[in-house]
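What follows is a single structure, written as structure tokens, with notes after it.
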Amino acid sequence: MNTNEAIYEYCLRLGDTSLILAHRLSELCGHGPILEEDIAMQNIALDLVGQSRIILSYAAQIEGKGKTEDDLAYLRDAFSYRNLLMAEQPNTDFAHTMVRQFFMSAYQYFLYTHLHNSADETIKGFAQKSLKETIYHLRHSTDWILRLGDGTDESNMRTQGAVDELQQFIDDLFDADEVDAILLQQKIGADMEQIKKAWHEKVKEVFALAKIKWEPANGGTRKGSRRGIHTEYLGYILAEMQWLQRVYPGNQW
């Protein structure tokens, strides 16, 4: 694998993750617990779509086959998607949505902080723009984890249940491979071990304040997103997201 191929794959991982996470949040439009939160979740979703467009456009440019970000978003099947498994998990309840968002925002915060000085100018610019938005995403989800965890017995129970359910996808966040190794050597990508350490420290700190028990699972975790191995949920997401482009190819707003 050469450097350009590695950059292309890396951009798919970044763009697909933001796109699928945005779609999950967009499913809650009109269903937020309060109007202010409904608007906040959709604003975060829009931020994520914007991030996805930037980096998928770059992926299309790197690939050099005349495609656009729309082609990459709407004309690939689940096996070609590289989004993290965490991003595709369903909105079981509000606690699940916020725990998932907290896990993902903390991950993206530390990732973009490292990519802030990438040797690739496009990835560097993407990270600098995205980091400004992700700081808000992390603050917002952290506030909700604290409110839910240190709230009523019911909210604590649901938050703890969401943590226990979603932690099986944590190892997938940091599952480094050849792509990461190539780009780290070129000072383009990020060191996943450093991100993993910072992420765990942040999560431990917030959960202690929220009175959430935190014992990361040893074994029994699910990985494979970087190889196109996903949970059953991604296919349903893509069926909903892609149907218009599949039925009426080439249509644009």
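Every number in this text was worked out from the coordinates using simple rules, so none of it is lab data. It should be emphasised that the depicted structure is a prediction, and the values quoted were computed from it without experimental measurement. No Cβ is skipped: glycine too gets one built from the backbone with ideal geometry, and neighbour counts run over all protein chains shown.
Counting only helical runs of four or more DSSP H residues, what would the 222 nm mean residue ellipticity of the chain come to if each run contributes -39,500 (n - 2.57) and the total is spread over all its residues?
On the way: 10 runs with 170 residues, N = 253.
Value at 222 nm, helices only: -22500 deg cm²/dmol.
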(message) Of the candidates 152, 97, 142, which one comes out as most mobile in a Gaussian network treatment of the chain with C-alpha springs shorter than 10 Å?
(response) 152
(message) With a cut-off of 8 Å between alpha carbons and a minimum separation of six or more residues, what is the relative contact order of the chain in percent?
(response) 25
(request) Count neighbours as other Cβ atoms within 10 Å of each site's Cβ, and list the GluC sites (Glu not before Pro) in segment 1-78 that are DSSP loop with at most 16 such neighbours. (result) 27
(request) DSSP loop (so not H, G, I, E, B), at most 13 other Cβ within 10 Å: list which GluC sites (Glu not before Pro) in segment 166-212 pass both filters. (result) none
(message) Please list, by residue number, everything in segment 170-191 whose backbone N is under 18 Å from a paramagnetic label point 7 Å out along Cα→Cβ of residue 61.
(response) 188-189
(message) If I take the Cα coordinates of segment 177-220 and project them onto the principal axes, what are the three extents in Å, biggest first?
(response) 41, 24, 9
(message) Please rank 188, 55, fewest neighbouring Cβ atoms within 10 Å first, as an exposure proxy.
(response) 188, 55
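As an exercise, take the mean of 1/r over every pair of distinct alpha carbons in the chain, invert it, and state the Kirkwood radius in angstroms. Intermediate results must be reported in sequence, preceding the final value.
Values: mean 1/r = 0.0540 Å⁻¹.
For the chain, inverting the mean 1/r across all distinct Cα pairs yields 18.5 Å.
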(request) Using the number of other C-beta atoms within 10 angstrom as an exposure proxy, rank 182, 145 with the fewest first. (result) 182, 145
(message) Only counting other Cβ atoms within 10 Å, I'd like 192, 104, 241, 157 sorted with the fewest neighbours first.
(response) 157, 241, 192, 104
(message) Shape verdict for segment 155-253, please, from the Cα gyration tensor: rounded (a/c under 1.5), prolate (a/b greater than b/c) or oblate.
(response) oblate
(request) Taking the Cα atoms of segment 10-92, report the difference between the largest and smallest coordinate on each principal axis, in whole Å and largest first. (result) 45, 21, 18
